[in-house]
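Accompanying notes for the structure given below.
The values are calculated or read from the model by the stated rules, or taken from the named source; none is laboratory data. Since the structure is predicted, the reported quantities are computational estimates derived from the model, not experimental observations. Cβ coordinates were reconstructed from backbone atoms using ideal geometry, including for glycine residues, and neighbour counts include every protein chain displayed.
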């Protein structure tokens, strides 16, 4: 494969798509196309999800040469289009079934009002084992983490002014805690706060559901 393509961001995204795709359809594959063969041979698990769409005439040579790469449907592009038209549609994405974003609403994690245990606090301070649900359940008290109210309000004001906000700091200095506190503050102001799950294959699908949301903040941690 062209070296410039393999070094591009597009190729990285293509590899991620291959890794996460539930099914890989290859339409009009030629036995002379060794680039595709190289991709399929690089990961045998891909063959389990690969379907070749070929012309209506059954080709035994093609079947024999591709048996280890996937299965073949001799239905042509028209037959493939008809199969797609008849396929059951997935549930339209909504805020209730997003896969590439996680809600940071404090209400989602407030399942109990029990105080944090000494072990939970110790694990947070010594090992950095942060539990977002525990933080949500401890609000508005500071039993689990310092509220940082002034800084959180300042950051929330910046976000509401349509500014992009970057929170920087050393490893273990509490950036994740601060971002969750900020999400709680913004949620109280009526914003929908979501955290991006990087690399998820349903990202484009979910983004379409977010296009109509007016007060939305996306956190990338």
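Among residues of the range 166-185 being assigned to a loop (DSSP other than H, G, I, E, B) and surrounded by 13 or more Cβ atoms within 10 Å (Cβ to Cβ), the one that is modelled with the lowest pLDDT is 174.
Within the range 136-149, being crowded, with 18+ Cβ neighbours inside 10 Å and either modelled with pLDDT of 80 or more or outside the structural domain of residue 172 (by TED's automatic domain parsing) (or both) holds for one residue alone: 145. Residues of the range 203-221 that are over 18 Å from residue 190 (Cα atoms) and either outside the structural domain of residue 165 (by TED's automatic domain parsing) or surrounded by fewer than 13 Cβ atoms within 10 Å (Cβ to Cβ) (or both): 204, 208, 220, 221. State whether the residues of the range 87-105 include one that is assigned to a helix (DSSP H, G or I), loosely packed, with under 10 Cβ neighbours inside 10 Å and at pLDDT 85 or above. Checking the range 87-105: not a single residue is assigned to a helix (DSSP H, G or I), loosely packed, with under 10 Cβ neighbours inside 10 Å and at pLDDT 85 or above.
For the range 150-160, the criterion of a residue being out of contact with any helix residue (DSSP H, G or I) (no Cβ under 8 Å at 6 or more places or on another chain) and either in a loop (DSSP other than H, G, I, E, B) or at pLDDT below 85 (or both) is satisfied by no position. Each residue in the range 168-184 was checked for being under 21 Å from the mean Cα position of the chain (by Cα) and either without any contact (Cβ under 8 Å) to a residue 40 or more places away in the chain or more than 13 Å from residue 128 (Cβ to Cβ) (or both), and 3 pass. Looking only at residues in the range 186-199 that are surrounded by fewer than 17 Cβ atoms within 10 Å (Cβ to Cβ) and touching a helix residue (DSSP H, G or I) at 6+ places or on another chain (Cβ under 9 Å), the one that is farthest from residue 214 (Cα to Cα) is 199.
Of the residues 187, 164, the single one that is free of Cβ contacts under 8 Å to residues at least 40 places away in the same chain and more than 11 Å from the chain's Cα centre (by Cα) is 164.
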